[in-house]
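Enquirer: Mind looking over this structure? Questions follow.
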Amino acid sequence: WRHLDSPQAREWLARAQDACSPPLTASRVLGALGSMVASRIAREFRLGGPSFTVSAGEASGVRALAIAVRALQANELDWALAGAVDLCGDLRAVALHQAVRPFSPSVRLSPFDPAADGTLPGEGAVALVLKRLDRALADRDRVIAVVRGIGAAGGGGIDSETPSRDAYRRSLAGALAEARVDPAGIGCIEAHGSGIPAEDALESELLGGYARSLGEDVRPGSAKSVC
């Protein structure tokens, strides 16, 4: 759309506005208020306890997971439902992101590749039911994974979107210490791998700090590389 001439751009914008802004309804108004989504879900499923929305950009899901884990560790909850949704494919979100942090000109997502030139929009949703391990075993639940340590970093780095080296380093060290995990016992690393050169370089550098302790066959990977 950036390459259209003025008349074409105005026509495109008019069509986009019509497509993005159908008449308001009660459901559309509630759906547009991000702060109310969690309470609506809790009400629909008749869940007890606190319900709230976490807004931290791409780290929102990890932050929600961390909050749930800490509440369970403190015995404030018996179980928790933590979820994350990314609707960055919305036309308005794509246009705004493109204006601030342009997407890959080559339209290729290549994490940790020297030729990488940016990221691409993608959407997804996930929800996790979390319990303390002893409770899950007592209830004979199917246990998919165990969270033994958790850490999150953000802000103060390359830009407002990227964490500083110190914050990233401390989050990694804290998660490993809490989990009581020796880096030598790690067999797989799923990295962020955004495809943005500056972010990938930071991640490679700091994960590389554990390289001597990791097995020779362990290398950071990213599911984004298959997108």
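The values are calculated or read from the model by the stated rules, or taken from the named source; none is laboratory data. Quick caveat: nothing in here was measured; it's all calculated off a predicted structure. Note: ideal-geometry Cβ built from the backbone for every residue, glycine included; neighbour counts use all protein chains shown. Keep in mind that these areas ignore ligands, DNA and RNA; they rest on the heavy atoms of the full protein, side chains included. Shrake-Rupley method; radii C 1.70, N 1.55, O 1.52, S 1.80 Å.
Enquirer: Name the residue that is nearest to ARG148 (Cα to Cα), counting only residues in the range 170-188 that are open to solvent by 30 Å² or more (accessible area, probe 1.4 Å) and modelled with pLDDT under 85.
Expert: So the residue we want is VAL181.
Enquirer: Still on this structure, I have one more. Just one of the numbered conditions (1) touching a Lys or Arg at 6+ places or on another chain (Cβ under 9 Å); (2) modelled with pLDDT under 80; (3) not in a helix (DSSP H, G or I) is not true of GLY209; which one?
Expert: Every condition holds for GLY209 apart from (3).
Enquirer: ILE144 is checked against (1) closer than 23 Å to PRO197 by Cβ; (2) of a type outside the set (D, E, K, R); (3) modelled with pLDDT of 90 or more and fails just one. What number does that condition carry?
Expert: Result: ILE144 fails condition (1) only.
Enquirer: Considering only the range 94-125, state which residues are within 25 Å of GLU44 (Cβ to Cβ) and either open to solvent by less than 50 Å² (accessible area, probe 1.4 Å) or touching a residue at least 40 places away in the same chain (Cβ under 8 Å) (or both).
Expert: GLY124, ALA125
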